[in-house]
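The values are calculated or read from the model by the stated rules, or taken from the named source; none is laboratory data. Note that the coordinates shown come from a computational prediction; the quantities given were computed from them, not determined experimentally. A quick note on method: Cβ atoms are made from the backbone with ideal geometry, for glycine too, and the neighbour counts reach across all protein chains shown.
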Amino acid sequence: MAANEHPSPTAMSGRRKLHVKSYGCQMNVYDSHRMADTLAREGFIESPAEDADLLILNTCHIREKAAEKVYSELGRIRQLKDAAAHEGRRVIIAIAGCVAQAEGEEIIRRAPFVDLVVGPQNYHRLPALLARAERDGKIVDTEFAVEDKFEHLAAPTPEATRARGVSAFVTVQEGCDKFCTFCVVPYTRGAETSRPVAKILAEAERLTQAGVREITLIGQNVNAYHGAGPDGRPHTLGMLLHALAETPDLARLRYATSHPTDMDDSLIAAHRDLAKLMPQLHLPVQSGSDRILAAMNRRHTRTDYLAVIARLRAARPDMAFTSDFIVGFPGETEDDFRATLRIIDEVGYAGAFSFKYSPRPGTPAADDENQVDEVVKVERLARLQAAVEHRQTTFISGCVGRTFDVLFEKVGRLQGQLVGRSPYLHPVQVMAPTSMIGTIATVTITGIGSNSLFGTLAHSLHLDAARPALADVGA
Ligand code: 5AD
Ligand code: SF4
């Protein structure tokens, strides 16, 4: 019997309230939704944190004192739990995500009012774990499960999908085998695994039937994807994208986050061949210095990276790129850092995330003796961010006067205004009727904000006027 087939007391005690607080990456957002979907089957409805009977913190461990932040948040949560206890109501506190995986028992030791600690590979066991925690007290489950959690996690109802909007994430791969020397992911998320093609196609079908128009395939190292195809042989991400592009009513595809060495021919061909695949790619380089890239175990040089960018631009000339950067990696000199500044201009990034190196216990770089002084890190981060901002402004300014297809997602702040996304993921604000939510229209960009665009409908007949708007789909 699968773990989540055990009847639990929660399933029998009617509607209880659940709040999942998500930190960190898109994978955590997806996981939080799947946890809520699985617990919905057990009778839980989502609520604000103050009213919750079950509070789950889905934590992130990637950078900067992550565990400490969770412990300080737990201080506040304890007050919630105590206040509820005063009213005679029991609140169950669960810690999920990568801090749960990394800290395990330590969480219960430092915060004894926590009831359940569950690692990212075990979310499908939540209903059973919850029942055990309620019955027997503290439970910690951070084993890497042998069974496929996706087989057991519930799919969202069409109503839940609709409430989450027209753009959805689908996890296609998890974990990472790259072992960059700064990164905890291979330890917290485990070895690289890919979901079978058929499961992903079925999920895409279900989502689009509920009104989703854009799917972002996600994974810690998404382009290492190698899930089993219908013939049992592994599919690359490029092959998967080709198959997904056939999904009726699916208008847009994206994927994140990619490793430069896994940009294979089939993926580059997908960018050339598939109009549905958006011309935007997050391709982290981390550093522009070959010496630092080697110390990071990135497995590529600056030249290799630039060659990948050139191939993608040749396949799809309107591609825009974003990146992640780490400054102050152990041993980084001023010259190394300048090489990073130079690559920003060479690629002409449309934007980037940048971080000060943060030693993660258990990773090789944390033990390096040549740690960079905090003052230097702060100074380099400011210089890097100024360079990125300059590029970002150049990109945004260049959008004025262009026309983009915009996927309308929701109502804007002003009366009569909708907010959509450009192919490059920028929010675009346009005066347009609510009935256009879920449709794609051609928009002329007339102005810019700090990282957003303003536009007008290029012509009154939008691209897929024949399709019902999301607001009209379903019940
Ligand atoms: N210190 C700083 N930044 C880090 N990242 C990952 N690990 C660390 C670390 N130890 C950054 C990388 C990665 C992004 C998700 O987080 O840039 O691409
Ligand atoms: Fe971490 Fe990405 Fe490197 Fe994997 S490829 S170890 S997830 S930075």
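Selection of region 21-56 for residues being outside any helix (DSSP H, G or I) and farther than 17 Å from ARG90 by Cα yields LYS21, SER22, TYR23, GLY24, CYS25, ARG41, GLU42.
For region 231-247, the criterion of a residue being under 30 Å from GLY288 (Cβ atoms) and within 16 Å of ligand 1 (Cβ to nearest atom) is satisfied by no position.
Checking each residue of region 28-39 against the condition of being within 16 Å of ligand 1 (Cβ to nearest atom) and out of contact with any helix residue (DSSP H, G or I) (no Cβ under 9 Å at 6 or more places or on another chain) gives at least one match. Residue under question is VAL114, and the condition is that it be out of contact with any Pro (no Cβ under 8 Å at 6 or more places or on another chain), modelled with pLDDT of 95 or more and buried (at least 22 other Cβ atoms within 10 Å of the Cβ); does it hold? Judged against the criteria, VAL114 is a match.
Counting only strands (runs of 3 or more DSSP E) that fall entirely inside region 396-435 and contain at least 1 residues that are hydroxyl-bearing (Ser, Thr, Tyr) and over 14 Å from ALA350 (Cβ atoms), the qualifying elements are 403-411. Take the conditions within 24 Å of THR257 (Cα to Cα), within 16 Å of ligand 2 (Cβ to nearest atom) and in contact with a strand residue (DSSP E or B) (Cβ under 6 Å, 6 or more places away or on another chain) and apply them to ILE326. Does it pass? Here the answer is yes, as ILE326 does meet what is asked.
Of everything in region 168-209 that is in contact (Cβ under 8 Å) with a residue 24 or more places away in the chain and part of a strand (DSSP E or B), the residue that is farthest from GLN220 (Cα to Cα) is ALA168. With respect to the conditions (1) at pLDDT 95 or above; (2) assigned to a loop (DSSP other than H, G, I, E, B); (3) over 24 Å from MET319 (Cβ atoms); (4) among the hydrophobic types (A, V, I, L, M, F, W, C), VAL376 lacks only one, and its number is (2).
Can you tell me which residues in region 345-387 are of a type in the set (Val, Ile, Thr), under 30 Å from SER422 (Cα atoms) and within 14 Å of ligand 1 (Cβ to nearest atom)? Hits for region 345-387: nothing passes.
For every residue, the table says whether it meets (1) more than 16 Å from ligand 1 (Cβ to nearest atom); (2) within 30 Å of ARG380 (Cα to Cα); (3) of a type outside the set (A, V, I, L, M).
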{"residue": "ARG272", "(1), (2), (3)": "yes, no, yes"}
{"residue": "MET278", "(1), (2), (3)": "yes, no, no"}
{"residue": "HIS282", "(1), (2), (3)": "no, yes, yes"}
{"residue": "ILE292", "(1), (2), (3)": "no, yes, no"}
{"residue": "ARG299", "(1), (2), (3)": "no, yes, yes"}
{"residue": "ALA314", "(1), (2), (3)": "yes, no, no"}
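Only a single item in (1) at pLDDT 95 or above; (2) over 28 Å from the mean Cα position of the chain (by Cα); (3) not β-branched (Val, Ile, Thr) is not met by PHE404, and it is number (2). Taken together, the residues in region 72-113 that are out of contact with any Phe, Trp or Tyr (no Cβ under 7 Å at 6 or more places or on another chain) and among the basic types (Lys, Arg) amount to 4. Search region 325-337 for residues that are on the phi > 0 side of the Ramachandran plot and pair each with any residue that is away from ligand 1 (no atom under 12 Å from the Cβ) when their beta-carbon atoms are under 7 Å apart and the residues are at least 6 apart or on different chains. From region 325-337, the pairs are GLY328/VAL376; GLY328/ARG380; GLY331/ALA295; GLY331/ASN370. Scanning region 298-322 for residues that are farther than 22 Å from ARG338 by Cβ, in contact (Cβ under 8 Å) with a residue 12 or more places away in the chain and in a loop (DSSP other than H, G, I, E, B) gives ARG299, ARG316, ASP318, MET319.
Answer yes or no: is there a residue in region 89-100 that is touching a Gly at 6+ places or on another chain (Cβ under 6 Å), within 21 Å of THR188 (Cα to Cα) and assigned to a helix (DSSP H, G or I). Yes: region 89-100 contains one or more residues that are touching a Gly at 6+ places or on another chain (Cβ under 6 Å), within 21 Å of THR188 (Cα to Cα) and assigned to a helix (DSSP H, G or I).
Can you tell me which residues in region 118-174 are surrounded by fewer than 16 Cβ atoms within 10 Å (Cβ to Cβ) and touching a Gly at 6+ places or on another chain (Cβ under 6 Å)? Within region 118-174, PHE144 is the sole residue that qualifies. Within region 355-378, residues that are over 18 Å from CYS98 (Cα atoms) and of a type in the set (Phe, Trp, Tyr) have Cβ atoms under 9 Å from residues that are assigned to a loop (DSSP other than H, G, I, E, B) and more than 11 Å from ligand 1 (Cβ to nearest atom) in these pairs: TYR357/GLU332; TYR357/GLN371; TYR357/VAL372, counting only partners at least 6 apart in sequence or on another chain. If you go through region 185-217 and keep only what is surrounded by 21 or more Cβ atoms within 10 Å (Cβ to Cβ) and closer than 19 Å to ARG63 by Cβ, you end up with VAL185, THR188, ARG189.
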